[in-house]
1. Tell me which residues, restricted to region A:159-184, are outside any helix (DSSP H, G or I) and among the charged types (D, E, K, R).
2. Just need a number here: residues in region A:120-135 that are more than 11 Å from residue A:94 (Cβ to Cβ) and assigned to a loop (DSSP other than H, G, I, E, B).
3. Take the residues of region C:1-17 that are in contact with a helix residue (DSSP H, G or I) (Cβ under 9 Å, 6 or more places away or on another chain) and modelled with pLDDT under 95: which is most open to solvent (accessible area, probe 1.4 Å)?
4. Which one of these is closer than 24 Å to residue C:31 by Cβ, open to solvent by 20 Å² or more (accessible area, probe 1.4 Å) and touching a residue at least 12 places away in the same chain (Cβ under 8 Å): C:130, C:125?
5. Only one of these is without any contact (Cβ under 8 Å) to a residue 60 or more places away in the chain and at positive phi: F:47, F:38, F:12, F:23. Name it.
6. Scan region E:74-107 residue by residue and report those that are closer than 22 Å to residue E:126 by Cβ and either of a type in the set (Gly, Ala, Ser) or modelled with pLDDT under 95 (or both).
7. Please go through region C:133-161 and pick out each residue that is basic (Lys, Arg) and open to solvent by 20 Å² or more (accessible area, probe 1.4 Å).
8. All but one of (1) open to solvent by less than 40 Å² (accessible area, probe 1.4 Å); (2) within 25 Å of residue A:137 (Cβ to Cβ); (3) assigned to a loop (DSSP other than H, G, I, E, B) hold for residue A:86; state the number of the condition that does not hold.
6 protein chains.
Amino acid sequence: KDDVVSKKDEVGIVNGLAWTSVGGEMLEVEVAVVPGTGKIEVTGNLGTVMQESAKAAVTFVRSRAQTLDIDPMFYKDNDLHIHFPEAAVPKDGPSAGVTITTALVSALTEAPVRHDVAMTGEVTLRGRVLPIGGLREKTMAAYRAGIKTIVIPKENEPDLQDIEPVVRETLRFVPAAHMDTVMETAIDFSKRPEKRKKSARGPVARRTDAPAAPVVQ
Amino acid sequence: KDDVVSKKDEVGIVNGLAWTSVGGEMLEVEVAVVPGTGKIEVTGNLGTVMQESAKAAVTFVRSRAQTLDIDPMFYKDNDLHIHFPEAAVPKDGPSAGVTITTALVSALTEAPVRHDVAMTGEVTLRGRVLPIGGLREKTMAAYRAGIKTIVIPKENEPDLQDIEPVVRETLRFVPAAHMDTVMETAIDFSKRPEKRKKSARGPVARRTDAPAAPVVQ
Amino acid sequence: KDDVVSKKDEVGIVNGLAWTSVGGEMLEVEVAVVPGTGKIEVTGNLGTVMQESAKAAVTFVRSRAQTLDIDPMFYKDNDLHIHFPEAAVPKDGPSAGVTITTALVSALTEAPVRHDVAMTGEVTLRGRVLPIGGLREKTMAAYRAGIKTIVIPKENEPDLQDIEPVVRETLRFVPAAHMDTVMETAIDFSKRPEKRKKSARGPVARRTDAPAAPVVQ
Amino acid sequence: KDDVVSKKDEVGIVNGLAWTSVGGEMLEVEVAVVPGTGKIEVTGNLGTVMQESAKAAVTFVRSRAQTLDIDPMFYKDNDLHIHFPEAAVPKDGPSAGVTITTALVSALTEAPVRHDVAMTGEVTLRGRVLPIGGLREKTMAAYRAGIKTIVIPKENEPDLQDIEPVVRETLRFVPAAHMDTVMETAIDFSKRPEKRKKSARGPVARRTDAPAAPVVQ
Amino acid sequence: KDDVVSKKDEVGIVNGLAWTSVGGEMLEVEVAVVPGTGKIEVTGNLGTVMQESAKAAVTFVRSRAQTLDIDPMFYKDNDLHIHFPEAAVPKDGPSAGVTITTALVSALTEAPVRHDVAMTGEVTLRGRVLPIGGLREKTMAAYRAGIKTIVIPKENEPDLQDIEPVVRETLRFVPAAHMDTVMETAIDFSKRPEKRKKSARGPVARRTDAPAAPVVQ
Amino acid sequence: KDDVVSKKDEVGIVNGLAWTSVGGEMLEVEVAVVPGTGKIEVTGNLGTVMQESAKAAVTFVRSRAQTLDIDPMFYKDNDLHIHFPEAAVPKDGPSAGVTITTALVSALTEAPVRHDVAMTGEVTLRGRVLPIGGLREKTMAAYRAGIKTIVIPKENEPDLQDIEPVVRETLRFVPAAHMDTVMETAIDFSKRPEKRKKSARGPVARRTDAPAAPVVQ
Ligand SMILES: [Ca+2]
Ligand SMILES: [Ca+2]
Ligand SMILES: [Ca+2]
Ligand SMILES: [Ca+2]
Ligand SMILES: [Ca+2]
Ligand SMILES: [Ca+2]
Ligand SMILES: [Ca+2]
Ligand SMILES: [Ca+2]
Ligand SMILES: [Ca+2]
Ligand SMILES: [Ca+2]
Ligand SMILES: [Ca+2]
Ligand SMILES: [Ca+2]
C-alpha cells in the first residue's frame, strides 16, 4: 500500500525517507512536547543507531535554543516524545537525523512543517548534514507519495544523476550542508504563534548554507 | 474456551482484539490509576513493540489533557498501571494502541467504557489511527464473544469485504481515522462523575472524523 | 519430601499451589512490610510473568486501600517484600496472583491468614480471578499437605469433575470470580488488631461474589 | 588447600558451608556497615538465587530491628556491604541464607560471632530455616577446618544418620527451625558494646525454638 | 569517498584517526556543552572500550579544571554530549582517548581546535598518553585528507620508520607522552574568549612534555 | 614490548601484577578523586569479578576512614574513578584487590606510592589478604620491569620456592596477611600533605601484621 502525503501542514510531524530491501519508503516522525520533568522518550521499534540519532538531534536543538528563540529551560519543564509510527516495522540507521531535528524544532516553536517536503540526512551535534545511502529508492518513494520538495545532504548531490528522470524532473531538490538550510526549507516559521516569539530576531540566523534552490544538473 | 463479553460497562476496561496463529482472540486491557508519584507500570507479558504502544498512548492522553478536561498534573500525582490479563500468553504488536488509549482516558475521566464495543488499531502521538492486520480473524472473535460494535482503522475499510458475511451483517463497524472517533464510540462520557468535570466544554471536541456510522459495503 | 501445612494462622503467609512436571506442589508466599521509602522487592527465583503478577497484585491492593481500611500512604512509608521460599526452585506463571494478593492484604492489615486454606488463580488489576491450569495436580498436593479449603477460580469449576474422588470428598472448594471472595475465605479479619482499624466499615465491602460455599458437583 | 578456621571471634564474619562437585567447602561471609545513604552492595561472584538470599536476609533483619535492639533507621543512614571472599569461585543457591543473616545481625549489633561455629540453611522473610542439600560434604569440610559446632536446618536432622561417624562424634549439631536458634548459637551477645544497647530487653526474645542442644542420634 | 579536512578551526570538533580492516580513516569527534544537570551522553555507535575512554577523558578534564581555568562546577550545571559522526559505522578501542579529551577541553574553554591537526592515542586518568596500533594506516588517511600535523604517542615514535616516505616527509609529527603536549599542539588557546578566563595563569601549566617539535628520523 | 616501571613516586598510581596465558604482565591502576556527588566509576575493560574487587576495596577504605584520617564524608562530596590503562586488554579476577585498595588510600590521603613496589592479592571487606595464582609469572614480569619490592599474600609464601632463582635473589618479598602491611610497604605516608592530616595519630594503626621484612627461604 503506497504512502500518501498528508494534505495539510502540521506541527511536529515531518516526512522522512527510509531505504528497505524492497525499495524506498516514506517514514514519518512525530514529536510531542508535554509539560513534564525533562524525560525524553524515543519509540517506534528503533535500533540503537537511530536512538542515538535522536539524542544527537536533541543536543543540537538544545545548543541552538537561543538562536531559535526557544525557552532555554524547555528541557527541564517538558517531556519530549519522539515517535516513529508504523511500529511493527523495525527501523535503524542515522539518516533520519534531519527529520527528527526538524520535528523537534517545529514542536518546540509550534511553527508548522510544510506537508509536501520530505528529507533525509545524518545530523551532527553542530547541525552539519552528512551523506546517506539509498537516494534513488528514497526519492522514488517520495515522488509516488506526492512530495514536491526533497532536502538531501549536499555531499549526495553527485548521486542525483542516478535517480529516475521523471523523479528528477518533477521534484525540487534542496541540497543542505547544515540544518539551517533544512529548517528554512521545511518549517513555515511565518506561522509560528506570536506568544512564543520572545525576541525580534529571526529564528534561524547564524551559519547558513547558500540559498536553497532547485538542483540543476 | 471462547471469550464472553462482560455484561456491564466498566471504567478502565476495554475489549481489544488480537490475531494469533490459531485465529482471533478477545484481549482485554485494564488501566488502574492510583495515587502515586508518576510511575507507569506496563504488564501482561508484552513484547517491546506493545510496550512502546503504551508509551505512545500515554503521551497522546497527556497532550490532550486539557481538551479531555483531565487534571493536567495527573501524570505527577498518580501512578498508572496498564495491564493485559491472561498473562501466560505472550503478546506483541502495535494494534492495541487504540485499546490502551481508550482505557487510559476512561480511567482518568472515570467515564465507563461500553461493554459491547471492541476495537483494534495502531495509534500515533497525534491520535491518528493507523491500519492493522488480521481483521477477518479479529472480527470473527468479536462476533463469537457477543460484541455489537467494532471500531476499525479507516484505512482498513477495504478489508471489510473479506470478512465472514454473518459477521458483516451482525456487527456495526465504525471506521476511525483519529482517536476522537474511537473515544466517542466506546466511552460513555454522559456517565462521567460530576466532580471530575472542571469546565462546561465537552470532553472531546477538536479534530473529529466524520460522524461514526455503520459501514455500508 | 511432602509439604506439611503450618499449624497456626500467621500474618502475611499464604499457601499457594503450583503445577510442576512431576505433579502438584504447595508453594507458600511470604510478605513483609517494613518501614521504608516505597521500594518493592520480589524474590524467590521467579520468572517475568510471576514478577508481573506481583506488580498487578500490588496495584489491586493500592486501588482498594480505602475499602480495606489500609493507610492509603502505605506505599510511600514502607518497603514491601514479596518472597517465595524454596528459592532453589525456579517458579513462573500467573496463577499465584491470588496468593500474592492475599498475603499483601494480610501483611498490610495484620489480619492472619487461615493456615488450612490454599488457593490458585490469576488476578487482574480490578481483582477479577481468572482460570488456571493443573487443577488436578494442585488439589492433590493440597490434600496430601492437610489443607481443608481450596479457593479456585470460578471459571475452573467444571474442571472439578476431573479431580481425584478422595480429594473432592475431603476438601471444601470455594470458587471465586473476584478477590473479595478469596480474601473473605482466607483472611481472618476478626483478628485484625484494633489500632489499625480506622473506620467502622468492614474491610471488604463492595463487589462481592455469591457467598462462599462448598462446591457440589 | 584446606580451609582453616579463624582463631578469634570477629564482628560481621561468619563461617558458611558450601557444596561443590568436588566436596564440601568452608565459605565465609563478611558484612560491613559504613555510614551512608541506604545502599546495599552484594559481591563475591554470586548467582541470582544467592543474591536474592541476601535480600531476604536484609528484610528479615529489618523486620526484627526492634526485637534485636538495632536502630530501626539503620537502613537509611548506613550502607550495607555483604561480601563472599574467594571471589574467583562462582557461588549460588539459597543455603547461605542463615550465614548472611547472622553476619548482618552481628555487624549491626557489633556482637562478635563465635569463630568455631559453622552453619547452613535457607532463610525466609519470617526467619524460618528451610532444609538444604549436601549435608554430608558440608559437615566433613567443617570437621576438617576445626569447627566445633554446626547449625543445621531442623528438617535436615534425619540426614545426620548419613554423615561420617567421626564427624558425628566430634562436632556438636544444633538443629534450628528458626533464625532465633541460629543467632543464639552463633552470636556472643554478651560481648555486644554497651552504647548500642538501647533497652533492657535481651536482643532475641520472641518466637524461639526449643533450647539448642547437641544432636543425639 | 575520501575524507576532506574542515577548512576552519572550530570549538569542540577534533580530527581523530581510526584503523579499520580496509585501511585508515579520519574520525571526527564533536563535543557539545549545554546548560543542564550533569548528564553525560556518549553516542556514535561505540563499543564499550571506547565508551570507557570517554569516561576516562571526562575524569581527566575534571581533575584538571583548576589548571585549565574551567569552572570546577561545570560538571553539575551542564550536560556534556560526546558524539562520533558517521554513526552507521561501529567504532571501538581506546585510541580516541586523546581526541575526546581535546574536544572536551576545547568545548569547555571555547578555545578553537586547529583544523589541520589530527591525533591518536590512549589517555589515562592522569593524562598520560599510551601507545596505539595501526599508525601506518592512520597517518596515510591523515595525509590524504590534507592534515598538516599529527600528534602520536611518544611510545609509538619507533613505528614512524614504517610509514610511507611521502607521508613522513610531508606531515609534522608531534610525539606526546602527556595530554599537555596534545592540548598545546591542537588547541589555539590564544582565541579563548576573554569572559571565560578567570585567572591570569595560562591554561596548561603543570607537567609538560618537552617542547613539541617535528619528528626527525 | 616490556613494561618499564615509572621513575617517580606518584599519588593514586600503583603497580599491579597480572597473569595471562602468555606470561606475567605489569598492570597499573590509577585512582582519581574529583569533587562530585558520590559516584564511583570503574573502567578499563574489566570483568565482573574485578569490578566487584573494586567495590570491596571501596568499602574497606570507607570502613577505615577514621583510622586513616580520611574525611569520613569523602564518599559523598567526591566522585571516585578507578581506571586500568591499556584498555584494549580485557582484565578479570580478584587479585588486583590490594592494588586498587592501595591506590584508593593514596588518592584519598594524597600520600604518594613508592614507584618500585608491585603487589598482588585478593582483599576482603576487613582488609584480609587472600592467596592468588600465577605467582611465578607475575614476579618475573615485575623483575623485568625493574621492580624492587613485591607484596604477596602471606598464604602464597610457600609458592616462592617455585619462582626463578634470579628473581628470588634480586627482589624483596613482603608477605602480607592484611592490608595494613600492604599500605605500610607501598605508601610513603611521610609525604602526605600537612593540610589533610586532621589528627596526630598515625594513619595506619590497628591490626598490623608482623613487621614487613624480606622473605628468607
Ligand atoms: Ca507503508
Ligand atoms: Ca511509510
Ligand atoms: Ca481465551
Ligand atoms: Ca481472550
Ligand atoms: Ca517441597
Ligand atoms: Ca513446597
Ligand atoms: Ca579453599
Ligand atoms: Ca573456603
Ligand atoms: Ca568516510
Ligand atoms: Ca571519516
Ligand atoms: Ca604491555
Ligand atoms: Ca602492562
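The values are calculated or read from the model by the stated rules, or taken from the named source; none is laboratory data. It should be emphasised that the depicted structure is a prediction, and the values quoted were computed from it without experimental measurement. Cβ placement follows ideal geometry from the backbone for every residue including glycine, while neighbour counts extend to all protein chains displayed. Surface areas here come from the heavy atoms of the whole protein model, side chains and all, with no ligands, DNA or RNA. Shrake-Rupley method; radii C 1.70, N 1.55, O 1.52, S 1.80 Å.
1. Going through region A:159-184, the residues outside any helix (DSSP H, G or I) turn out to be A:163-164, A:171-178.
Scanning region A:159-184 gives A:164, A:172.
2. 4
3. Filtering region C:1-17 for residues that are in contact with a helix residue (DSSP H, G or I) (Cβ under 9 Å, 6 or more places away or on another chain) and modelled with pLDDT under 95, the one most open to solvent (accessible area, probe 1.4 Å) comes out as C:1.
4. Numbers: C:125 fails: open to solvent by 20 Å² or more (accessible area, probe 1.4 Å).
After applying the criteria, what remains is C:130.
5. Details: F:47 fails: at positive phi; F:12 fails: without any contact (Cβ under 8 Å) to a residue 60 or more places away in the chain; F:23 fails: without any contact (Cβ under 8 Å) to a residue 60 or more places away in the chain.
Criteria check complete, one pass: F:38.
6. From region E:74-107, those closer than 22 Å to residue E:126 by Cβ are E:74-75, E:80, E:82, E:93-107; that's our starting set.
Answer for region E:74-107, where residues must be closer than 22 Å to residue E:126 by Cβ and either of a type in the set (Gly, Ala, Ser) or modelled with pLDDT under 95 (or both): E:74, E:75, E:93, E:95, E:96, E:97, E:103, E:106, E:107.
7. Within region C:133-161, C:136, C:144, C:148, C:154 qualify.
8. The one condition residue A:86 does not meet is (1).
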